[in-house]
Amino acid sequence: SPVPGVNLTMGERGKMGPYLSFLDAARGGGKGDKMCLHVLNLASGRHAARVFGSAHYSVFVPYCCGLLREQFGEGLLAIEANGIGEAAIGEARNWGYHRLYRRPVKTSGVPNQYNLSRLGEIGLHVNPANLPVIHGAMYKALFSGDLVTYDLDLIGNLRTFNPDDKDEHCPDDVAAFRGLCYVFMELGGPGIAAQRVAPSRPRVIEVTPYV
């Protein structure tokens, strides 16, 4: 990557998608937390790329939007909407990136069904109430083999990560990866997630809810 404070690791390129990505936002600019974006190939379940660095979000987010357009078919981008994440969402929208993840709204009275014509706010809100569910989705995706990563840095951090620790101790790449896994499983996991992210996705589809 030619951009200072932005490091790109590509696991694949030129493959058929569709792709899902998740951005864990931070202020950046050398002020503590780093920003991280993970990209997942929904067709293969393989971790396709990681972008990581200390660049300010006003630099990091446009870089990620350009990468997703050029290399990953402008796949669906989910952003953690806590704090600075709202600014990151605004930055993505300012750069014309419109394929932004919104939480689906559950169909009233119908178990395990979401109406894709009724979508909630942009981004994923992470809080103490839903963290156990988010961690559960990450471990289920990994242990089932539905999602595969060869990122050695991420694997090392996952091995030492303790979900019972205070969340501020969570490594930045793990924070982004757990969000990626959660959205992947919320979208239906293997097969179904690819259908929902593809342009021809049906308006209503059966999924296993992670709420």
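Checking each residue in region 67-104 for being touching a residue at least 60 places away in the same chain (Cβ under 8 Å) and in a loop (DSSP other than H, G, I, E, B) picks out Gly75, Tyr101. Checking each residue in region 54-66 for being of a type outside the set (Val, Ile, Thr) and either farther than 12 Å from Ala92 by Cβ or not in a helix (DSSP H, G or I) (or both) picks out Ser54, Ala55, His56.
Cβ separations smaller than 8 Å between residues 6+ apart or across chains give the following pairs from region 51-62 residues that are closer than 16 Å to Glu80 by Cα to residues that are among the hydroxyl-bearing types (Ser, Thr, Tyr) and at pLDDT below 90: Val51/Ser1; Val51/Thr9; Phe52/Thr9. Over 28 Å from Asp146 (Cα atoms), at pLDDT 85 or above, touching a helix residue (DSSP H, G or I) at 6+ places or on another chain (Cβ under 7 Å) and buried (at least 16 other Cβ atoms within 10 Å of the Cβ): is that true of Val6 in this structure? Here the answer is yes, as Val6 does meet what is asked.
Picking from residues in region 42-53 that are in a strand (DSSP E or B) and small (Gly, Ala, Ser), the one that is nearest to Asp173 (Cα to Cα) is Gly53.
The residue that is nearest to His47 (Cα to Cα), among those in region 164-187 that are part of a loop (DSSP other than H, G, I, E, B) and open to solvent by less than 20 Å² (accessible area, probe 1.4 Å), is Leu187.
Within region 49-100, the set of residues being of a type in the set (Asp, Glu) and either open to solvent by less than 40 Å² (accessible area, probe 1.4 Å) or at negative phi (or both) comprises Glu70, Glu80, Glu86, Glu91.
The values are calculated or read from the model by the stated rules, or taken from the named source; none is laboratory data. Note that this is a predicted model, so its numbers are computed, not measured. Don't worry about glycine lacking a Cβ; one is built from the backbone with ideal geometry, like all the others, and counts go over all protein chains shown. For the accessible areas, the whole protein counts, side chains as well, though only heavy atoms, and no ligand, DNA or RNA atoms are used. Shrake-Rupley method; radii C 1.70, N 1.55, O 1.52, S 1.80 Å.
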